[in-house]
Amino acid sequence: MMFTEVVNMSLRATRIEMPASTREQVVTLLNQRVAEVTDVWMQVKLAHWNVRGPHFQAYHTLFDTLASHLLEAQDELAERAATLGGEAGMPLGQMAQMANGPTWPMGVRQDRQVIILVADRLSHIANRIRHDIDETAAWGDSGTADLLTEISRQLDHDLWLVEAHGEA
């Protein structure tokens, strides 16, 4: 797993019994996911705003629901980073540089194509977070692993809904 290097991270003092080096690793991972979830949220909103076709209303409503779930995940990830004594989040420009998933192809509006693109983005972030569950557990941070499990369950459920809409 490759993480963006965090230079001179300073952690706030906390009574959480976890080595500072572990907290730094986890905060770095969490902020990477905040950036990626924010990117996926934006792409789902692009789908929500621009989708067209016979399934417009169903997809428009579905994408709005997905976007709200992504914002909840973003908030939980950032707050966990702050809980561990780290700085939560980053400016939008830095997030854009850190987001390393597929980008949204502007101009795609047809409902069936859009649903496939949304499924691809959700599966990308869901699979990243699923991997992070084991990673953070191995680092000794069961609290973050538990949070990531919750987020993973929601993303998997949302992906199921999107895939079901995409079946012919």
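Using the heavy atoms of the protein chains alone and a 1.4 angstrom probe, what is the accessible area of the chain per residue in square angstrom?
Numbers: 8750 Å² over 168 residues.
About 52 Å² of surface per residue is accessible.
Among His55, His124, His69, which one shows the highest mean-square fluctuation when the chain is modelled as a Gaussian network with alpha-carbon springs under 10 Å?
His55
Which GluC sites (Glu not before Pro) in region 123-168 pass both tests, a DSSP loop state and at most 10 other beta-carbon atoms within 10 Å?
Numbers: sites: Glu135, Glu150, Glu163, Glu167; in loops: Glu167.
Answer by residue number: Glu167.
Mind listing the Cα extents of the chain along all three principal axes, in Å, largest one first?
Result for the chain: principal-axis Cα extents of 55, 29, 23 Å.
Quote the convex hull volume per residue of region 4-91, based on C-alpha atoms, as a whole number of Å³.
88
Considering only protein heavy atoms and a 1.4 Å probe, what is the carbon-and-sulfur percentage of the accessible area of the chain?
Values: 4650 of 8750 Å².
It is 53 percent, rounded to a whole number.
Please list 3J(HN,Hα) in residue order for region 67-84, calculated via the Karplus relation 6.51 cos²θ - 1.76 cosθ + 1.60 where θ = phi - 60°; whole Hz, with x for glycine and proline.
So the J values, rounded to whole Hz, are 4, 5, 5, 5, 5, 4, 4, 4, 5, 5, 5, 5, 5, 5, 4, 5, 4, 7.
Please compute P(r) over all alpha-carbon pairs of region 94-168, binned at 10 Å starting from zero, and give each bin as a whole-number percent.
18, 38, 32, 11, 1
Between Ser21 and Ala164, what length comes free when the chain is fully extended (0.36 nm per residue of separation minus the Cα-Cα distance, one decimal in nm)? Provide the component values of the computation, followed by the final result.
Numbers: separation 143, 0.36 × 143 = 51.48 nm, distance 4.23 nm.
Going from the current span to full extension adds 47.2 nm.
The values are calculated or read from the model by the stated rules, or taken from the named source; none is laboratory data. Here the structure is a predicted model, which means the values were calculated and not measured. When we count neighbours, we look across all protein chains shown, and the Cβ atoms used for this are built from the backbone with ideal geometry, even at glycine. Note: areas computed on protein heavy atoms with side chains; ligands, DNA, RNA excluded. Shrake-Rupley method; radii C 1.70, N 1.55, O 1.52, S 1.80 Å.
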